[in-house]
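One structure is given below, encoded as structure tokens.
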Amino acid sequence: MEKQKFKWDQLHNFFYNKEEVYKLEWDDQEIDLKDYEIAAAPNGGPVAMIRSRGKIVRYQEKSVLKIFNASGSLLEEIPWDNEDVLSTFGWKTNDELVCILEDCKVKIFNLRGTLTREIHVGYNTLERKKEQKKIDERNALMLNGEGEGDLSVLIGDKQGKRKTNSRGIERILDSEEEKLEKEKEKKEQEEKGRTNKNDIGNSEEEEDEKFDSKKIKLLVDPNEEIRGLDEVLIPTVTCAKIWQTGFAILTDLQELFVCKDWDQTYQKYPKLDFGDTPLSMAVIESQFSSTGDIEILFGTKKNQIFMIDSIENQSQEVKSNVVELSVASSGKILAYYTQDGKVIVEPTNFSKVLVEYQTDVFERPTQLVWCSSDSVLVYWENQKILKMIGPNNSTIDYPIEDYKKIFLAPEVDGVRVYYNDKTEFISKVPMYTYNIFSIESVGASWTLYNAYEKFIIGDSQADVEIRSLGNELGNAIEDCILAAGNESDPMDQQKLLKAASLGKAYDHQYEYPKFAEMCRDLRILNAVRDFEVGIPITYNQFMRFGIEPLILRLVNYLHHFLAFKICKYSKIRPETVLEDWACSMIIYKSITEQNRLEKVILGKLDTHRKEGGIVVSYANIARVAFERGHKELAKKLLFQEPKPQNQVPLLIAMKNDREALKKAVQSGDADLIFTVLLHLIDTIKYERSRMNSSSFMRLISNSETAQSLLVRYSRRKETRVLKNVFQSLGQMKKLGLYVAWRSFYMKDPNQRIESLLEAQSSFQSAQNNLYKKITEDQIKLLQLQLSYEQEKSNESQRSMSFEYFGLSVSDTLSLLIERGEKKYADKLKKDFKIPDKRFWWLKIKALAKVRKFDDLHEFAKQKSPIGYEPFVQVCLDNTAHNQAIEFVEKIPSLEKRSEHYIKLESWENAAKMAMELRDQELLDHIHEIAPSDVKIPMRVPQAPKKRGFFSKKK
């Protein structure tokens, strides 16, 4: 216990422990931290390193982004383009590395070195593209010598304002007067463009992009190689911050872009006005912010800290320029370093100053990080000082004189310190650990642990001490359990847990479920903390990190066996582990022999499927095998996949079209079948060497489902394909019906006739005489209509109006009668054998419609096969009542006459018919409906009695 006490450093009322975690070998690579930029993932995660820009390297040596685990074992090397200038980098929640470049690109890599995503921030907007286009034209003119002067012209405009970009090119911006003049000229040019519409060469866009060399002024170092002027407008990163769920970028144009969630796009905040470039930047995540939104903090040269969210900007006055900012893991406390060498700690609402410590070091610190939420670590690389600052200005100085550079990686419960040859962890000593191991402590926890030490040597005093604890025994047991979680040495963990177990033997009232959970968690933690694994995660970090992300990290580290064991131990399904193991076996060529590789992968997966019911996604493994050239293995794996929706896309990629269609049809999923069919149609279009129409039809000939869906799709999208389908399947009747149906949507007469001829041929091949005759008559009608149109066009010497074309026989006949084309109407009647009754109906309707009542009366002189009631009806339909009355008189039936007279409101004639019919009921009905001023007889006269030659005597 004295040894434990000796390791601790006191800070105010608390103690801090610094212990060595690993000896670092960096895989025997020559790693000197002073030459590298470093980013460490939280929770004992991986460490990324890239050589600092400006450090001396071998001639033509390419940069490499290296990823190590926390024990210094190399995980991956990512070749880095030297033209991509790295601004900052950090880690996402799922151990993906986020790299922000100076040109506002964001690249994201996984632990296998694969670029999973690339985001272009800030310069894809329409406005910037327009500006870029103007600059490109200006460059071309100047380089061709067409502008006034060359690239080193016009330096002496005193009214201009100078702005320097990161490339070293200075651009003199136009004065306010010049800008106003430029806008005035632009408006005049736009007005001119609107009035002069015939001037094709001077469009508005060209006027906007005209180059005036007198108003572009550049300062260029004549000894420096001239770069493209288009680089001037590309934004560069001034400062950036990465946290686990997003990033924020401030450009040299003082535009702020914030990505709050990796699943969402970034958001552009309103343009800022700091005056000068901010000196420092920090982030308060949304779960800790008082507004529930991401808050971005900037320290500036104006003794201010700006607090910016998506809604508003606020500023807080401070005592000096803020050169470094850091927010505690709790999100509630802020530490900042000022230009006059002070470290100040305040709540994020700036309600009061908690700590104000004068460091007497007037140099910007290399790092300012929090150790949990209780103290701040400040590191100066040049001064070789590492100082911890806590409450009441208490400090701890850590000796680092032997190291040129160290790196501080903050954690939720401490700080991980990386040296060239080792890594250490600084953390606050919890109160339960202090109560057990502190010399000053005489509480229940210390008593229980002391009793355990006596118990193992057989001292009977142990029993007395434990029984003396009474009601405090439960708290002592809890402290021993928690203290075991805080220890990294398995021997110390065992002692503390055995002390807790001994205490449990005296307390039968409580089960202490935390004891079993701690044993399980420590077993997992001790396994992953092993040097070969290299994940020095603490118990508190593990509680926040979770078991599944830890398993995923082990998988990314290629420790599949350990990840699988932890899954089984924690009762978590290991499908993801097994799937990644199989993919890794293929990618990293753990086994070079093809047959042995198949045997190992298929055998292992089959064993787990039979024994544990573990079914992995064989399709994902098969895809990896196919991409790596193991086609036979991919085929065997794919046939093990139970889900057709996973099989079919890969079968298509493997160009196994027959099997893809078979699996899709078996699934019964219409969308999946359509996917295959559309792929096959595209193959016919773009890869005719691999598949043509004949082979396509042979492929679908055995599947009625595929044929039906193809017909449904082709009716709307692929007419040519549908024809091929019907022809190949011998369905000539369906082909004819489809071609005939499509013809009615064709506007060109000749095309419609040709299409119907094709349909007629199909019906003839199908031996369907009915449809063939119908189509033949339709073609005949269209040809007649076309001839009418042609003759009419020749007579009027105008283009054809096509008023007849496409009409039915009845409509054509009606239109001919309306136009007075009696000869053509009679010919049409004869050619299409129109029955007399139908002809008469059509003719009287047409004559009445155009109000040719003289022709209608003349036509009525003939013997009508339809009677004269239709004449009356067509006159009524066309509101010709007087004409209708004349035709009523031709109706032989008195009853029908009376009905029509009533319809025509001819009351006298209607009453006359009632009198002739001697129908009193009809006469009474006429009285009811007729106007009162119409004189109508009241009664029908009685019929005279019959008289004979002899009268009968009574």
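The values are calculated or read from the model by the stated rules, or taken from the named source; none is laboratory data. In this text the structure is predicted, and so the values were computed from the model without any measurement. Counting neighbours? That spans all protein chains shown, and the Cβs are built from the backbone with ideal geometry, glycine included. To get the accessible areas, we keep the full protein, side chains included, count just its heavy atoms, and leave off ligands, DNA and RNA. Shrake-Rupley method; radii C 1.70, N 1.55, O 1.52, S 1.80 Å.
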Completion exercise
Of (1) farther than 29 Å from Leu554 by Cβ; (2) under 34 Å from the mean Cα position of the chain (by Cα); (3) at pLDDT 90 or above, Phe14 satisfies every one except (2)
Handout entry: Any hit, the range 937-948, residues being farther than 30 Å from Lys845 by Cα, open to solvent by less than 20 Å² (accessible area, probe 1.4 Å) and modelled with pLDDT under 75
Key = yes
Exercise for the section: Kindly state which strands (runs of 3 or more DSSP E) lie completely within the range 386-499 and contain at least 2 residues that are closer than 24 Å to Phe542 by Cα and under 53 Å from the mean Cα position of the chain (by Cα). Expected result: 407-411, 414-418, 422-428
Problem - For Ile234: the one exception among (1) modelled with pLDDT under 80; (2) open to solvent by less than 20 Å² (accessible area, probe 1.4 Å) - result: (2)
Practice task
Kindly list, by first and then second residue, each pair from a residue in the range 262-285 that is closer than 24 Å to Asn303 by Cα and open to solvent by 10 Å² or more (accessible area, probe 1.4 Å) to a residue that is part of a loop (DSSP other than H, G, I, E, B) and among the acidic types (Asp, Glu), limited to pairs with Cβ atoms under 8 Å and residues at least 6 apart or on different chains.
Solution key: Lys271/Glu255; Leu272/Glu255; Thr277/Asp252
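Quick one: which of Ile601, Ile535 is assigned to a loop (DSSP other than H, G, I, E, B), under 36 Å from the mean Cα position of the chain (by Cα) and either more than 18 Å from Asn94 (Cβ to Cβ) or touching a residue at least 60 places away in the same chain (Cβ under 8 Å) (or both)? Reasoning before the result, please.
Numbers: Ile601 fails: assigned to a loop (DSSP other than H, G, I, E, B).
Of the residues listed, the single one that is assigned to a loop (DSSP other than H, G, I, E, B), under 36 Å from the mean Cα position of the chain (by Cα) and either more than 18 Å from Asn94 (Cβ to Cβ) or touching a residue at least 60 places away in the same chain (Cβ under 8 Å) (or both) is Ile535.
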Problem - Tally, over the range 245-260, of residues that are at pLDDT 90 or above and surrounded by fewer than 17 Cβ atoms within 10 Å (Cβ to Cβ) - result: 1
Practice task
Considering (1) in a helix (DSSP H, G or I); (2) closer than 24 Å to Leu469 by Cα, say which one Gln509 fails and leave the rest.
Solution key: (1)
Fill in the blank from the handout: Scanning the range 566-598 for residues that are part of a helix (DSSP H, G or I), open to solvent by 50 Å² or more (accessible area, probe 1.4 Å) and more than 17 Å from Val616 (Cβ to Cβ), the one modelled with the highest pLDDT turns out to be Tyr569
Exercise for the section: Determine whether the range 857-870 contains at least one residue that is in contact (Cβ under 8 Å) with a residue 24 or more places away in the chain, crowded, with 20+ Cβ neighbours inside 10 Å and not in a loop (DSSP other than H, G, I, E, B). Expected result: no
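Return a yes/no flag: does the range 840-853 have any residue that is over 30 Å from Asp777 (Cα atoms), assigned to a loop (DSSP other than H, G, I, E, B) and not hydrophobic (A, V, I, L, M, F, W, C). Explain how you work it out, then say what you get.
Just the residues of the range 840-853 that are over 30 Å from Asp777 (Cα atoms), to begin with: 851-853.
Then drop every residue that is not assigned to a loop (DSSP other than H, G, I, E, B), which leaves 851-852.
After this cut, where a residue has to be not hydrophobic (A, V, I, L, M, F, W, C) as well, the list is 851-852.
So far as the range 840-853 goes, yes, one or more of its residues are over 30 Å from Asp777 (Cα atoms), assigned to a loop (DSSP other than H, G, I, E, B) and not hydrophobic (A, V, I, L, M, F, W, C).
Any idea which residue in the range 679-698 is least open to solvent (accessible area, probe 1.4 Å), counting only those that are of a type outside the set (D, E, K, R) and without any contact (Cβ under 8 Å) to a residue 12 or more places away in the chain? If you could, list the steps in order and put the result at the bottom.
Within the range 679-698, the subset of a type outside the set (D, E, K, R) is 679-681, 683-684, 686, 689, 691-697.
If we keep only those that are without any contact (Cβ under 8 Å) to a residue 12 or more places away in the chain too, we end up with 686, 689, 692, 695.
Working: Tyr686: 171, Ser689: 124, Asn692: 67, Ser695: 30 Å².
Residue satisfying both the conditions and the ranking: Ser695.
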Fill in the blank from the handout: In the range 307-332, anything surrounded by 14 or more Cβ atoms within 10 Å (Cβ to Cβ), closer than 16 Å to Leu272 by Cβ and among the acidic types (Asp, Glu) is listed as Asp309
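Going through the range 890-909 one residue at a time, which ones are part of a loop (DSSP other than H, G, I, E, B), open to solvent by 50 Å² or more (accessible area, probe 1.4 Å) and on the phi < 0 side of the Ramachandran plot? Show your work before the answer.
Within the range 890-909, the subset part of a loop (DSSP other than H, G, I, E, B) is 890-893, 904-906.
Filter again for open to solvent by 50 Å² or more (accessible area, probe 1.4 Å), leaving 890, 892, 905.
Selection gives Lys890, Pro892.
Return the only residue of Lys134, Lys130, Lys66 being surrounded by 14 or more Cβ atoms within 10 Å (Cβ to Cβ), modelled with pLDDT of 55 or more and within 26 Å of Glu255 (Cα to Cα). Outline the logic, then answer.
Details: Lys130 fails: surrounded by 14 or more Cβ atoms within 10 Å (Cβ to Cβ); Lys66 fails: within 26 Å of Glu255 (Cα to Cα).
Being surrounded by 14 or more Cβ atoms within 10 Å (Cβ to Cβ), modelled with pLDDT of 55 or more and within 26 Å of Glu255 (Cα to Cα) holds for just one of Lys134, Lys130, Lys66, which is Lys134.
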Exercise for the section: List every residue pair whose Cβ atoms lie under 6 Å apart, where the two residues are 6 or more positions apart in sequence or sit on different chains, the first residue falls within the range 295-315 and is assigned to a strand (DSSP E or B), and the second residue, located anywhere, is small (Gly, Ala, Ser) and open to solvent by less than 40 Å² (accessible area, probe 1.4 Å). Expected result: Glu295/Ser289; Ile296/Ala248; Leu297/Ala282; Gly299/Ser280; Ile305/Gly299
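Restricting to the range 541-559, what's the tally of residues that are assigned to a helix (DSSP H, G or I) and surrounded by fewer than 19 Cβ atoms within 10 Å (Cβ to Cβ)? Don't jump to the end; show me each part of the working.
Of all residues in the range 541-559, those assigned to a helix (DSSP H, G or I) come to 541-545, 547-556.
So of that shortlist, the ones also surrounded by fewer than 19 Cβ atoms within 10 Å (Cβ to Cβ) come out as 543-544, 547-549, 552.
Matching residues across the range 541-559 total 6.
Every residue, every condition in (1) open to solvent by 70 Å² or more (accessible area, probe 1.4 Å); (2) outside any loop (DSSP other than H, G, I, E, B); (3) over 25 Å from Trp26 (Cα atoms); (4) not acidic (Asp, Glu), yes or no:
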residue	(1), (2), (3), (4)
Glu76	no, yes, no, no
Pro79	yes, yes, no, yes
Asn82	yes, no, no, yes
Phe89	no, yes, no, yes
Asp103	no, no, yes, no
Gly113	no, no, no, yes
Glu118	yes, yes, yes, no
Problem - Condition met for Lys655 (at pLDDT below 90, within 17 Å of Leu678 (Cβ to Cβ) and open to solvent by 10 Å² or more (accessible area, probe 1.4 Å)) - result: yes
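Answer yes or no: is there a residue in the range 699-716 that is in a helix (DSSP H, G or I), out of contact with any Leu (no Cβ under 8 Å at 6 or more places or on another chain), open to solvent by less than 60 Å² (accessible area, probe 1.4 Å) and not acidic (Asp, Glu).
Residues of the range 699-716 that are in a helix (DSSP H, G or I), as a first pass: 699-700, 704-714.
Cutting the leftovers down to out of contact with any Leu (no Cβ under 8 Å at 6 or more places or on another chain) gives us 704-705, 708, 712.
Still in the list and also open to solvent by less than 60 Å² (accessible area, probe 1.4 Å): none.
Among the residues of the range 699-716, not one is in a helix (DSSP H, G or I), out of contact with any Leu (no Cβ under 8 Å at 6 or more places or on another chain), open to solvent by less than 60 Å² (accessible area, probe 1.4 Å) and not acidic (Asp, Glu), which makes the answer no.
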Practice task
Would you be able to say whether some residue in the range 743-764 is open to solvent by less than 60 Å² (accessible area, probe 1.4 Å) and under 39 Å from the mean Cα position of the chain (by Cα)?
Solution key: no
Handout entry: Residue in the range 457-471 that is surrounded by the most Cβ atoms within 10 Å (Cβ to Cβ), counting only those that are under 18 Å from Gly443 (Cβ atoms) and of a type in the set (D, E, K, R)
Key = Glu465
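Which is open to solvent by less than 10 Å² (accessible area, probe 1.4 Å) and within 19 Å of Pro42 (Cα to Cα), of Val417, Val343, Val412?
Numbers: Val343 fails: within 19 Å of Pro42 (Cα to Cα); Val412 fails: open to solvent by less than 10 Å² (accessible area, probe 1.4 Å).
When all the criteria are applied, what remains is Val417.
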Exercise for the section: Looking at (1) under 30 Å from Gly414 (Cβ atoms); (2) open to solvent by 40 Å² or more (accessible area, probe 1.4 Å); (3) among the aliphatic types (A, V, I, L, M), find the lone condition where Ala563 falls short. Expected result: (2)
Fill in the blank from the handout: Checked Lys428, Lys454 against criteria (touching a strand residue (DSSP E or B) at 6+ places or on another chain (Cβ under 7 Å), among the basic types (Lys, Arg) and either in contact (Cβ under 8 Å) with a residue 24 or more places away in the chain or surrounded by fewer than 20 Cβ atoms within 10 Å (Cβ to Cβ) (or both)); the one match is Lys428
